[in-house]
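Okay, structure first, notes after.
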Amino acid sequence: MDFIEFVDLASERFGGRVLAANDDFFAPKENLLKPAAPVFDADKFTDRGKWMDGWETRRRRTPGYDWCVIKLGLPGQIRGVVVDTSFFKGNFPARASLEACVASGTPSLELLLAPAHPWTEILPESPLLGDSQNRFPISSEARFTHLRLKIYPDGGVARLRVYGEALPDWEAADSAGDELDLAAVEHGGVILASSDMFFGSPANLILPGPSLGMFDGWETRRRRGPGNDWAVIRLGAPGTIRRVVVDTSFFKGNFPESCSIEACHAAGALRHDSTHANFAWSEVLPRTPLEADARRVFEKELRSPGDVTHVRLNIFPDGGVARLRIFGQRAKQSR
């Protein structure tokens, strides 16, 4: 999988925040994590200079670098980052590096900035291009909660995207009750593959909270041949499915006629196994009609194949689904 297919762990939509920066004279640090793409307004100025949609520091006249500290909205394993310098052409940093750490609870800024605090370099000092999506794969397998972005020597970054897999605090999740959404991105759910994502990404299916609009769901193109569309989700943890929600909110003239759900136990599969077509799928929800702009809850209709690790949502023949919730109980052996 391309790392940009994973969720942005740092997005402010999931609670990501820029906690501190040594300087944000020209443009505020909070812009870094906005989910919307950066924009440019040629005529907009502030009393400090040109308005820019990003984080921009003043011109450095002494040795060193500028920095900001970020709390991830979803703690997890980082697969890659994009340092987006869109619209920063004569004022982008020459280089950037990234450090990460894990800190439990709500650590103070003093703790995170203390010289003795253990930061791990996950991206060494690397050259940047201006007005570009600077992509860097990350190879660390560790779980992180906070980042420190360094830019050399100064300049502007429009957005920082931190793509990866959420790795939840299962002890806290389990203490909230026996039933949880096993497919939710905040619980480590990952979309492995889909038949089509022309109008909307299948990753939207497992985002937290209700859909924000038709743009915030999974929508396939109009199918002109036989067959149906589908999406495969690796659950955050093995578990038994108790209840399913298929939500077609905002999809009115383009919702699927029906859907079905299959599941399998493929614990030995690679973390991002692409051979899902060969998994031993069992039917959980038989093909069932859907409604426009409606939230359907299925419980009594479900067939239980026991503990499962993957789910396949089939939609017939095509269309849009806003959210998919797979509520159940985490398997005891995974606790």
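Side notes on the structure shown:
- Using C-alpha pairs under 8 Å with a sequence gap of at least 6, the mean separation divided by the residue count of the range 3-166 gives a relative contact order of 38 percent.
- The modelled label-to-label distance for the pair Glu121/Arg222, using points 7 Å beyond Cα in the direction of Cβ, is 5.5 nm.
- Per-residue HN-Hα couplings for the range 284-300 [Karplus 6.51, -1.76, 1.60; θ = phi - 60°; Hz; x = Gly/Pro]: 9, 10, x, 3, 9, x, 10, 10, 6, 6, 9, 10, 9, 10, 10, 9, 5
- The count of lysine pairs in the chain with alpha-carbon distances below 19 Å, taking only pairs 8 or more places apart or on different chains, stands at 11.
- Length gained on full extension, Arg296 to Glu179, computed as 0.36 nm times the residue gap minus the Cα-Cα distance: 40.3 nm.
- Once C-alpha pairs closer than 8 Å and six or more residues apart are averaged by separation and normalised to the residue number of the range 172-334, the relative contact order reads 37 percent.
- Nitroxide proxy distance, nm - points 7 Å out along Cα→Cβ at Arg95 and Val245: 4.8
- When the helices of the chain are scored as -39500 (n - 2.57) per DSSP H run of n ≥ 4 and the total is divided over every residue, the value at 222 nm lands at -500 deg cm²/dmol.
- Relative contact order (%) - the chain, alpha-carbon pairs under 8 angstrom, separation at least six: 18
- Summing +1 for each Lys or Arg and -1 for each Asp or Glu among the other residues whose beta-carbon sits under 15 angstrom from that of Ser260 gives -2.
- Once exposed loop GluC sites (Glu not before Pro) are cut out (DSSP; at most 15 other Cβ, 10 Å), longest piece of the chain: 1-140
- Whole-angstrom gap from the range 135-203 to the range 1-69, using each part's C-alpha centre: 19
- Residues whose amide H falls under 5 Å from that of Gly73, counting only those 5 or more places apart or on a different chain, are Ala10, Ser11, Gly16, Arg17, with hydrogens built in the peptide plane.
- For volume of the Cα convex hull per residue in Å³, calculated from these coordinates, the label among (i) 156; (ii) 179; (iii) 132: (i)
- Part-to-part distance (alpha-carbon centres) for the range 275-330 and the range 252-268, which is given in Å: 4
Just so you know, all these numbers are worked out from the coordinates, no wet-lab data involved. These numbers come from a predicted model, not from an experiment. Positions of Cβ are backbone-derived with ideal geometry, glycine not excepted, and every protein chain shown enters the neighbour counts.
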